[in-house]
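Novice: Sharing a structure here in structure tokens format.
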Amino acid sequence: MHYVDAKGILSAKNGMNLYRGCSHGCIYCDSRSKCYHMEHTFEDIEVKRNAVELLEDALRRKRRKCMVGMGAMTDPYIPLELELGHVRQALTLIYEHGFGATLITKSNRILRDIDLLQKINERAKCVVQMTLTTYDETLCKKIEPNVCTTRERFEVLKQLRDAGIPTVVWLAPILPWINDTEENISGILNLCIQAKVYGVICFGMGLTLREGNREYFYAQLDRLFPGLKERYMRRYRNQYIIDSPNSGHLMHLFHQTCGTHGIVHSKEQIFSYLQTFEEKPVAEQISLWG
Ligand code: SF4
């Protein structure tokens, strides 16, 4: 871990990453791509020392309330967060200033903050986004080695459901010849149905590879799935978008299953939902607190 002083914290779309780099070890991680100019070792987490002060200042200056996003580039609930508590401090500020929040994570460490998430959601709006890629627990541990498994994430989704906090699942990435099966997609969607998620985001049954993340991914394929790298190289060469050979069938299954069970599956509709700030009417807040 190392510290830096940041100049600003909120992006133009009100997203933020309190940390840069991640220790969850997903073999396909796009944040390793060179284009993001992370000059340090990916696992050597960069901590923005002044992030919480910057956030407080930014929230004070905002003329209109909005949703504040976390986790686009780095999972906010890396193990280090339990030591530093910057995410919790940021959520406290978001709550105190009456803003909404949405976080994307794979970790059940988010449950530490369920009280705050609930309070934000009671006053305004809080949506938790969780990534699910792999129904098979053994396979999940192989491709996402340092974070809790799909079953444990499912338990989180259910707890959030019971706390009245809406959830969105990212069904991505889907890796050709690894988890691009009907069994995998159906298994994950069944968990989403049980957890009553608001929506599932899926850009397509595949992944993206570019300079930085491709080299890392291929090295992990050599280690975990001998022979598969060559198969990828033959079929996809240097393509950025790596679409599963099963994509058409799996996308049909995805849209059909979500449609049947009332899960929102339009990306546009979900992103609009995530970006729309809503304040609860005062009467509703009082009855929730009462
Ligand atoms: S949790 Fe996200 S940021 Fe962290 S390694 Fe996995 S894909 Fe990358």
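The values are calculated or read from the model by the stated rules, or taken from the named source; none is laboratory data. Since we're looking at a predicted model, the values are computed, not measured. Here Cβ is always computed from backbone atoms with ideal geometry, including for glycine, and neighbour counts include all displayed protein chains.
Novice: Might you check whether a residue that is within 13 Å of the ligand (Cβ to nearest atom), free of Cβ contacts under 8 Å to residues at least 24 places away in the same chain, in a loop (DSSP other than H, G, I, E, B) and not polar (S, T, N, Q) occurs anywhere in region 82-93?
Specialist: No, there is no match, as no residue in region 82-93 is within 13 Å of the ligand (Cβ to nearest atom), free of Cβ contacts under 8 Å to residues at least 24 places away in the same chain, in a loop (DSSP other than H, G, I, E, B) and not polar (S, T, N, Q).
Novice: Residue check: is Ala163 within 27 Å of Cys126 (Cα to Cα), surrounded by fewer than 17 Cβ atoms within 10 Å (Cβ to Cβ), at pLDDT 95 or above and hydrophobic (A, V, I, L, M, F, W, C)?
Specialist: yes
Novice: Another question about this same structure. Which is closer than 16 Å to Ile143 by Cα, in contact (Cβ under 8 Å) with a residue 60 or more places away in the chain and outside any helix (DSSP H, G or I), of Ile178, Ile174?
Specialist: Matching residue, one of Ile178, Ile174: Ile174.
Novice: For residues that are closer than 14 Å to Asn213 by Cα, not charged (D, E, K, R) and not in a helix (DSSP H, G or I), tally how many sit in region 35-54.
Specialist: 4
Novice: Anything in region 57-78 that is within 16 Å of the ligand (Cβ to nearest atom) and free of Cβ contacts under 8 Å to residues at least 60 places away in the same chain? List them, or say none.
Specialist: Pass one, region 57-78, residues within 16 Å of the ligand (Cβ to nearest atom): 69-78.
Correct list: Met70, Gly71, Ala72, Met73, Thr74, Pro76, Tyr77, Ile78.
Novice: Go through region 104-121 and count every residue that is in contact with a strand residue (DSSP E or B) (Cβ under 7 Å, 6 or more places away or on another chain), in a helix (DSSP H, G or I) and within 16 Å of the ligand (Cβ to nearest atom).
Specialist: Here is the first cut: in region 104-121, the ones in contact with a strand residue (DSSP E or B) (Cβ under 7 Å, 6 or more places away or on another chain) are 104-106, 110, 117, 120.
After this cut, where a residue has to be in a helix (DSSP H, G or I) as well, the list is 110, 117, 120.
In the following step, the residues that additionally are within 16 Å of the ligand (Cβ to nearest atom) were identified as 110.
Within region 104-121, residues that are in contact with a strand residue (DSSP E or B) (Cβ under 7 Å, 6 or more places away or on another chain), in a helix (DSSP H, G or I) and within 16 Å of the ligand (Cβ to nearest atom) number 1.
Novice: Right, next: Within region 16-48, count every residue that is more than 11 Å from the ligand (Cβ to nearest atom) and either surrounded by fewer than 17 Cβ atoms within 10 Å (Cβ to Cβ) or over 28 Å from Thr134 (Cα atoms) (or both).
Specialist: Final tally of qualifying residues: 10.
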